[in-house]
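Trainee: Got a structure here, written out as structure tokens. Questions coming.
Where a number appears in this text, it was derived from the coordinates with a stated rule and is not lab data. Source: prediction; values computed, not measured. Every residue, glycine among them, receives a Cβ derived from its backbone with ideal geometry; neighbour counts consider all protein chains shown.
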Amino acid sequence: MSYQWLTLWRYADTFLEAAWLTLQVTLLAFVLAVALGLLSALAKSSPVAPLRWISHCYVEFIRNTPVLLQIFIIFFGLPSLGITMSAFTAGVLALGINVGAYLSETFRAGIQSVPKGQLEAAYILGIPRRQIFLSVVLPQAARAVWPAIINNLIQLLLGTSLLSAIALPELTGTATVINARTLLYIQTFSVVALVYLVLSNLFSWLGTVAGRRMFHPPLVTPVKKSAWWWAKKWLTNPVKRENAL
């Protein structure tokens, strides 16, 4: 058994490279997903009917079709239209578009959770519409949906395993290749499962810390009073002095 783990240890650098590639895909796709989700949420709340229709079609199509099918359409289907891209680019694009549809509904729910009274007060004060969104709506909406955003980030990380179907050497794809070379099924996939577990918990912890920093004001540390300050306060307070006597 120790010999089997020693054999697998020779692929440590390969696992690290695969983990780094997985992180790159996750973060880039998440940035794209946030941008698409926010634009789609604003379009769905827009008074312009064509924008609402486009956003609705985008969300309904993505949420009701398999992720793997969407990856195949982008990687294998677009070249037939003259649009070719690498597996890395296709993976980032497919996962970003997919998660963006889910974030669209998350952002829309967060925007709708902002009390209308605050918006009416901002309009009465003459604050520009753009400033109202950035200073009043967006901070409160982000605070309300922050846990859901982090959950989508973790789901995106786990969804990168599907990119092994288009030969991207991320964690799952790399594990499949190493397993074919060594035939160490349990050891190989146990290592990959452990890496996914570590990365998921790392994102969860970072999300919690970031949420506390952004949405909770820092506690004010009370200033320690000196003995002279307390003595002076007691001497200048006649009620306490009479009770002590």
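Trainee: Quick check: residue separation of Ala49 and Thr89 times 0.36 nm, minus the Cα distance between them. What number comes out in nm?
Mentor: Working: separation 40, 0.36 × 40 = 14.40 nm, distance 3.21 nm.
Full extension of this stretch gives 11.2 nm more.
Trainee: Additional query: From the Cα trace of the chain, what convex hull volume per residue do you get, rounded to a whole Å³?
Mentor: Details: hull volume 61.4 nm³, N = 245.
Measuring per residue, one finds 251 Å³ for the Cα hull of the chain.
Trainee: Be a star and scan the range 146-184 for residues whose amide nitrogen sits under 15 Å from the point 7 Å along the Cα-to-Cβ vector of Phe72.
Mentor: 162-167
Trainee: If you average the alpha carbon positions of the range 115-155 and of the range 42-106, how far apart do those two centres end up, in angstrom?
Mentor: Centre-to-centre (Cα) distance: 25 Å.
Trainee: Using the beta-carbon distance between Thr7 and Gln155 and R0 = 35 Å, what value does 1/(1 + (r/R0)^6) give for FRET efficiency, to the nearest 0.05? Don't jump to the answer; show the numbers that get you there.
Mentor: On the way: r = 33 Å, r/R0 = 0.94.
Efficiency, from the Cβ-Cβ distance: 0.60.
Trainee: Packing-wise, with mean Cβ within 10 Å as the measure, how do 46-54, 165-173 rank, highest first? Each step should come with its number before you reach the end.
Mentor: Numbers: 46-54: 11.3, 165-173: 20.3.
So the peptides 46-54, 165-173, ranked by packing, come out 165-173, 46-54.
Trainee: Now, a different point. Using only the alpha-carbon atoms, what does the range 145-197 span along each of its principal axes? Please give whole angstrom values in decreasing order.
Mentor: 44, 23, 9
Trainee: Which FRET efficiency, nearest 0.05, do Asn201 and Ala121 yield, Cβ-Cβ r, R0 51 Å?
Mentor: Values: r = 41 Å, r/R0 = 0.81.
Calculated transfer efficiency: 0.80.
Trainee: Of the candidates Ile154, Ile71, Ile124, which one comes out as most mobile in a Gaussian network treatment of the chain with C-alpha springs shorter than 10 Å?
Mentor: Taking springs between Cα atoms under 10 Å, the residue moving most is Ile124.
Trainee: Set Lys and Arg Cβ to +1 and Asp and Glu Cβ to -1, take the dipole of the chain about its Cα centre, and tell me which of Gly77, Ala43, Thr65 lies farthest positive.
Mentor: Projecting each Cα onto the dipole axis, the largest value belongs to Ala43.
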